[in-house]
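So the structure is just underneath, and the comments pick up after that.
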Amino acid sequence: MSLQYPATPEFQGIYRPSRVEASVQALEVSGQLPSQLQGCFYQVSPDPAYPPMLGQDIFFNGDGMVSAFRFGQGQVSLTRRYVQTERLKAQRQAGRSLNGIYRNVHTNAPEAARDNTTANTTVIKHAGVLLALKEDSLPYAMDPVTLDTLGVWDFHGQVRSASFTAHPKICPQTGSMLCFAYEAKGDGTPDIAYYEIDAAGKLTRETWFQAPYAAMIHDFAVTENYVIFPIIPLTVDVERMKRGGQHFQWQPDLPQLFGVLPRDGKASDVRWFYGPADGFQGHTLNAYEQGRKLILDMPVTSGNVFYFFPQADGFVPSPETLKSSLARWTFDLDADSDQVLPEPLTTFPCEFPRCDERYSGHPYQHGFMLAFDPTLPFDAATLGAPPFQFFNQLAHVNVRTGETRTWFAGDAHCFQEPVFVPRSADAPEGDGFLLSLLNHLRTGAAELVILDTRDLSAGPVARVQIPLRMRMSLHGNWSSD
């Protein structure tokens, strides 16, 4: 039985599986580690433990590999562990992959685990445990120090949905987790559940309602009194899945849809707003209230970003034809019209935005994100075309003034999602440090770069060398000591 991974872009270069679980003390550091960084940077990557059962697969279907970079006493240590999901344990028992098409249980091997989740999209600490999250299932809990897997986490029986978001928000005032589930009653259901879980882990609010149709809701946004659900026109069809098709299919005729729910409201209080068709709403940066208007900032792209989920006729737009920017959506709760249009805030493509989370849900001005500038040099002669999810800059955007500062690492480098850490608990908004994994495309090496937001363009104040290859990851979070 061959254990070779396919020679496709999804498994080569920065997407080549690493599969290394490790504990490394005192990583090499060049520059000066900021003394204010005392805590842990957690992040997770889809890292398939076995070659795909069907001979090919997409990046999002890899087993969750959690990395913990722990800062303290002037050093950084690294711990990496797989999330011991039921899916992974079944694969290890069989010695091979047992899962077929992404999020399609109808294509799995008979001995595959019933729990299909990979727990590979983000990790966040809450109520004493580290939660490894994937939006198709309930979280898995891990020990925040050892990264030992504790098991499926339903918040002590309080959460009853079949799924759970990979993008919860933490209330900066109370420490409560604000979260939701889509396809909440199972594959293809239009049901959405909204939850609020306090800092001790007690469920304090639960609201169920239905969307007009079942579709992807990858991220959401919260304000002081409202929740906003961006519904991407990637729809779900169980009958298509039973025929061996993809879980999601792009529908260019559908609008960018937004559900607005009062946080203390009921299902009948949801109001739907409609944006332009054939648009992809990415991750949310932040949202806040301005009187009776809700302001939401998030990257928007003019078409289908996910080439692996084509429309019904198989069409996928060429990446160079897509236009992307950070955009502002304004939802007027007193307006008669339910139509909304995005207002561009940047002139460059960007994604993976993060705010100073002390201002999450409130008026703010500082955003940090990955950016792409096609005019900057790229070593195409050596590397060929840039990989999927390629961003060559870190960016600091002031959404009030429009001022933007960037750092470019070189012609053979790309970044992974940045995380902002305040300089101190009472530092001004946006004053702190930006942490991001930087992949070196020529060598396959990676490092953790740390930049001071007071002068982002000056580049890293410290570089943490990683003595193993890091596959492209998705999301992560900082937990302060």
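The values are calculated or read from the model by the stated rules, or taken from the named source; none is laboratory data. Not measured: the values here are computed from a predicted model. Heads up, the Cβs are rebuilt from the backbone with ideal geometry, glycines too, and the neighbour counts pull from every protein chain shown. Just so you know, the surface numbers come from the protein's heavy atoms only, side chains and all, with ligands and any DNA or RNA stripped out. Shrake-Rupley method; radii C 1.70, N 1.55, O 1.52, S 1.80 Å.
Determine the equivalent ellipsoid of the stretch 312-458 by diagonalising the alpha-carbon gyration tensor, then write out the semi-axes as square roots of 5 times the eigenvalues, largest first, rounded to whole Å. Could you put the intermediate results ahead of the total?
Values: eigenvalues 156, 119, 28 Å².
Working through the eigenvalues yields semi-axes of 28, 24, 12 Å.
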Task: Between the stretch 106-139 and the stretch 215-273, the Cα center-to-center distance that results, in Å - done: 20 Å
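Explain nothing, just the number: relative contact order of the chain, from Cα pairs under 8 Å at least 6 residues apart, as a whole percent. List each step's numbers first, then the result.
Details: 1255 pairs, mean separation 63.2, N = 481.
Here the relative contact order equals 13 percent.
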Task: Stokes-Einstein translational diffusion, the stretch 28-104 - Kirkwood Rh over all Cα pairs, 1.567 mPa s, 4 °C, in µm²/s - done: 89 µm²/s
TODO: Along Cα→Cβ, 7 Å out, is where each label goes; now give me the distance between the ones at residue 253 and residue 479 in nm to one decimal.
DONE: 4.8 nm
Task: Label-to-label distance, nm, for residues given as residue 267 and residue 26 (7 Å Cα→Cβ offset) - done: 6.0 nm
- [ ] With a/c under 1.5 counting as rounded, go ahead and sort the stretch 418-459 into rounded, prolate or oblate using the C-alpha gyration tensor (a ≥ b ≥ c being the square roots of the eigenvalues; past the cut-off, prolate if a/b is larger than b/c, else oblate).
- [x] prolate
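Please compute the length gained on full extension between residue 400 and residue 36, using 0.36 nm multiplied by the number of residues separating them and subtracting their Cα-Cα distance.
128.3 nm
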TODO: Could I have the simple spin-label model distance between residue 336 and residue 205, label points 7 Å from Cα toward Cβ, reported in nm to one decimal?
DONE: 3.1 nm
TODO: Quick one: go through the stretch 372-390 and flag any residue whose amide nitrogen is under 17 Å from the point 7 Å out along the Cα-to-Cβ line of residue 347.
DONE: 372-376
Task: Accessible area per residue, Å², the stretch 163-204 with all protein chains present, probe 1.4 Å - done: 30 Å²
- [ ] For the stretch 212-253, give the percent of accessible area contributed by carbon and sulfur heavy atoms, probe 1.4 Å, rounded to a whole number.
- [x] 43 percent
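By the gyration tensor of its Cα atoms, with a ≥ b ≥ c the square roots of the eigenvalues, what is the shape of the chain: rounded for a/c under 1.5, prolate for a/b over b/c, or oblate?
Numbers: a/c = 1.23, a/b = 1.05, b/c = 1.18.
Judged from the Cα gyration tensor, the chain comes out rounded (a/c under 1.5).
Leaving ligands, DNA and RNA out of it, report the carbon-plus-sulfur percent of the accessible area of the stretch 287-408 at a 1.4 Å probe. Intermediate results must be reported in sequence, preceding the final value.
Details: 3030 of 5690 Å².
The nonpolar share, carbon plus sulfur, comes to 53 percent.
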- [ ] Add +1 for every Lys or Arg and -1 for every Asp or Glu among the other residues with Cβ under 15 Å from the Cβ of residue 316, and state the total.
- [x] -4
Task: Percentage relative contact order, the stretch 1-86, counting C-alpha pairs under 8 Å, at least six apart - done: 35 percent
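According to the Cα gyration tensor, what semi-axes, each the square root of 5 times an eigenvalue, does the equivalent ellipsoid of the stretch 95-150 have, listed from largest to smallest in whole Å?
Values: eigenvalues 131, 29, 13 Å².
Largest first, the stretch 95-150 gives 26, 12, 8 Å.
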- [ ] Show that you can apply the helix-only estimate: for the chain, add -39,500 (n - 2.57) for every DSSP H stretch of four or more residues, divide by all residues, and state [θ] at 222 nm to the nearest 500.
- [x] -1000 deg cm²/dmol
